[in-house]
Each structure stands twice: as structure tokens, then as C-alpha cells.
Amino acid sequence: MLCRAIPLALLFALPAAAQPANTCRTDANYRQQDFTVGEWDVYTGATKTAEVSMKLILNDCVIEERWTVYKGRDDGNGIGVFSYSPLLKNWGYYWATDTGATTSFRGSLIKPGEMRYITERPMPNGKTRLRHWTLSKNPDGTIRELSVGTEDGGTTWITEYDLKWVRR
């Protein structure tokens with residue numbers, strides 16, 4: 001059987017209409033967390049504790065987070081990356097700080113305007129700490145960032161932090 005190879009240059013010369021559209025911009029799964037995109041002041045109660053910038057990058061396939069602690073603190077600044085995985089059918093999140101701390105989460109849409117991320121961490125006592133981290137859009141346009149954890153398989157949950165994001 002005679003087999004002919006198509007010259008590589010011809011493949012790259014296909015008209016734009018023949019090339020696939022950017023699925024990140026058109027697939028609703030990638031848009032589930034767009035409610036967090038923007039510039040935000042972060043509060044613990046009435047005290048401003050940080051600023052966060054959430055930007056779409058890489059053809060709108062990824063949300064980049066830049067977290068900056070507020071006034072007088074020089075640790076805890078970090079960068080996070082959120083991305084939907086069509087292969088895994090969920091979201092992934094990777095976080096790294098200027099103190100060397102890192103963690104990764106898997107997440108999913110709970111309902112429109114509410115994303116929950118989950119991670120597990122081995123503890124020195126041999127137990128595993130399960131953490132639920134949720135970003136929820138409030139009716140007034142602010143965002144609630146709530147982190148709760150358990151070391152007893154979900155019988156007892158302890159609030160780690162409860163923050164409010166206010167758009168700048």
C-alpha cells in the first residue's frame with residue numbers, strides 16, 4: 001500500500017476556520033469560577049487583611065491568583081492557579097507562598113457562584129486532616145472564602161478561617 005505523508009507546512013497552513021475554537025472560552029465548565037475574577041480587598045471581620053487579584057490567563061483557560069497580605073506583614077504572600085480539567089471533570093488548584101508552603105486541591109461547582117475545593121494532609125499523629133475550602137458569591141457581589149477542617153472523618157468540622165472579599 002502506498003502511503004503519502006502530508007507535508008507539515010500544509011497542516012499549519014490550514015485556514016482559521018478549519019482549526020478548533022478555543023474551548024476554554026466557549027465551554028461552560030471553564031467559566032464556572034469567573035465570579036472570582038477581579039481585584040479584591042479581603043477582610044477578616046472589619047479588618048482588611050489582604051488584597052487578591054484574580055485574572056484570566058492562557059487564553060482564558062486558567063485563573064491566576066495573586067495574594068498579598070496587607071500592611072506590616074511580609075509573609076503569607078502567594079500565587080495560586082485554578083484550572084478546569086476536562087479529563088478529570090473537575091477543577092484543580094495549586095497554591096505556593098513566599099514561605100515555601102504549597103498545597104493542591106481538587107474542586108467542583110456546588111451550585112452557580114459556589115466552588116468547593118478539597119485537600120487531605122497527613123498529620124504527625126497519623127491521622128489525616130480533610131479540608132473543605134469554599135468560594136461563594138454573595139447576593140451583594142462580595143465573596144465569602146470559608147475553610148473548614150476535620151481530623152475525625154467529618155464528624156467534627158472546625159472553621160479555619162472565614163473571609164469576605166470586597167471588589168475594589
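Could you please let me know if G153 is without any contact (Cβ under 8 Å) to a residue 40 or more places away in the chain, surrounded by fewer than 14 Cβ atoms within 10 Å (Cβ to Cβ) and at positive phi? Yes, satisfied. Pairs linking a residue in segment 76-90 that is over 9 Å from Y30 (Cα atoms) and touching a residue at least 40 places away in the same chain (Cβ under 8 Å) to a residue that is part of a strand (DSSP E or B) and among the hydroxyl-bearing types (S, T, Y), with Cβ atoms under 6 Å and 6 or more positions apart or on different chains, are F82/Y93.
No value in this document is a laboratory result; all are computed from the given coordinates. Because the structure is a prediction, the values reported are computed rather than measured. Every residue, glycine as well, gets a Cβ built from its backbone with ideal geometry; the counts of neighbours run over all protein chains shown.
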